[in-house]
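The values are calculated or read from the model by the stated rules, or taken from the named source; none is laboratory data. Bear in mind that the values here come from a model prediction, so they are computed numbers and not experimental data. Note: ideal-geometry Cβ built from the backbone for every residue, glycine included; neighbour counts use all protein chains shown. When the accessible area is computed, the model is the full protein with side chains, heavy atoms only, and any ligands, DNA or RNA have been set aside. Shrake-Rupley method; radii C 1.70, N 1.55, O 1.52, S 1.80 Å.
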Amino acid sequence: MLTKKQLELLRYIDREMKKRGISPSFDEMKEALGLKSKSGIHRLITGLEERGFIRRLPHRARALEILRRPDALPPMETPQPGFSPSVIEGGYDGDDDEAQAPNSASTVELPLFGRIAAGNPIEAMRDPSETFGVPASLLGPGEHYALEVQGDSMIEAGIFDGDIAIIQHTDNADNGTIVVALVDDNEVTLKRLRRKNNSIALEPANAAYETRIFGPDRVAIQGRLRALIRQY
């Protein structure tokens, strides 16, 4: 079952892809639906993906695939009462999926990077057109960015596939900190940092994965985990 905004977005994406051959940008989606921020679009996209209507193609900007077309759906479906994914409790009126924090003025739009995965330097995963709104209270001093987590290597630290990690940009971090690390200038990973003598260990939080150990010249810290946002 789709909400009004989800159905509206699905039909807009379907129409634009038939007309232009590519999916519209988040800015175009935001304007088409009359939303105030691209974080609202991100929530709608996530909802459509969870319901099996679309699929995001990894590591490619503006790359969506429609799995279930909206043609046979009714113009609007009434949202199911009770649990609704990606909704802030007390802030949903059954008609608008752009869930906002109680004080929207305290929301900060961060650049949203793609899914963190081997073989992609962090800058290569950035799409300048995509941002993610987070409460300012989650941020510390300095610059921050949002990063979509991929995989299960950090599940024992409470970090799951699809979570949005809020990263504070830094090139240094203390032992035991969960960091974004660039390995050999071409592989980015989210792991716990361990230093011993001249070695750097990148430690997973999943017994199914092995700790990887590198020389200090092979690893560059690109940020540390500041907060985590999960959408249900």
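What number of residues in segment 1-33 are in a loop (DSSP other than H, G, I, E, B) and either open to solvent by 10 Å² or more (accessible area, probe 1.4 Å) or among the hydrophobic types (A, V, I, L, M, F, W, C) (or both)?
Count: 6.
Residues that are part of a strand (DSSP E or B) and touching a Gly at 6+ places or on another chain (Cβ under 8 Å): does segment 199-219 have at least one?
Kept after step one, since they are part of a strand (DSSP E or B), are these residues of segment 199-219: 199-203, 212-214, 219.
From what's left, touching a Gly at 6+ places or on another chain (Cβ under 8 Å): 199-200.
Scanning segment 199-219 turns up at least one residue that is part of a strand (DSSP E or B) and touching a Gly at 6+ places or on another chain (Cβ under 8 Å).
With respect to the numbered conditions (1) under 16 Å from the mean Cα position of the chain (by Cα); (2) surrounded by 14 or more Cβ atoms within 10 Å (Cβ to Cβ), which one is the sole condition not fulfilled by Phe160?
(2)
So His169 clears everything in (1) surrounded by fewer than 16 Cβ atoms within 10 Å (Cβ to Cβ); (2) out of contact with any His (no Cβ under 9 Å at 6 or more places or on another chain); (3) not aromatic (Phe, Trp, Tyr) except one condition, right? Which one?
(2)
Do we find a residue being part of a loop (DSSP other than H, G, I, E, B) and under 30 Å from Ala136 (Cβ atoms) anywhere in segment 178-190?
No, the conditions are met nowhere in segment 178-190.
Examine segment 136-145 for a residue that is in contact with a strand residue (DSSP E or B) (Cβ under 8 Å, 6 or more places away or on another chain), in a loop (DSSP other than H, G, I, E, B) and over 20 Å from Pro111 (Cα atoms), and state whether such a residue exists.
Within segment 136-145, not a single residue is in contact with a strand residue (DSSP E or B) (Cβ under 8 Å, 6 or more places away or on another chain), in a loop (DSSP other than H, G, I, E, B) and over 20 Å from Pro111 (Cα atoms).
Return the residues of segment 34-58 that are part of a loop (DSSP other than H, G, I, E, B), free of Cβ contacts under 8 Å to residues at least 24 places away in the same chain and closer than 20 Å to Ile116 by Cα; say none if nothing qualifies.
Narrowing segment 34-58 to residues part of a loop (DSSP other than H, G, I, E, B): 34-37, 51-53, 57-58.
If we keep only those that are free of Cβ contacts under 8 Å to residues at least 24 places away in the same chain too, we end up with 34, 52, 57.
The answer is Leu57, and nothing else.
Answer yes if at least one residue in segment 156-171 is of a type outside the set (Ser, Thr, Tyr), more than 30 Å from Leu48 (Cα to Cα) and in contact with a strand residue (DSSP E or B) (Cβ under 6 Å, 6 or more places away or on another chain), and no otherwise.
Yes; the residues of segment 156-171 include at least one that is of a type outside the set (Ser, Thr, Tyr), more than 30 Å from Leu48 (Cα to Cα) and in contact with a strand residue (DSSP E or B) (Cβ under 6 Å, 6 or more places away or on another chain).
Anything in segment 34-48 that is modelled with pLDDT of 80 or more and surrounded by fewer than 17 Cβ atoms within 10 Å (Cβ to Cβ)? List them, or say none.
Gly34
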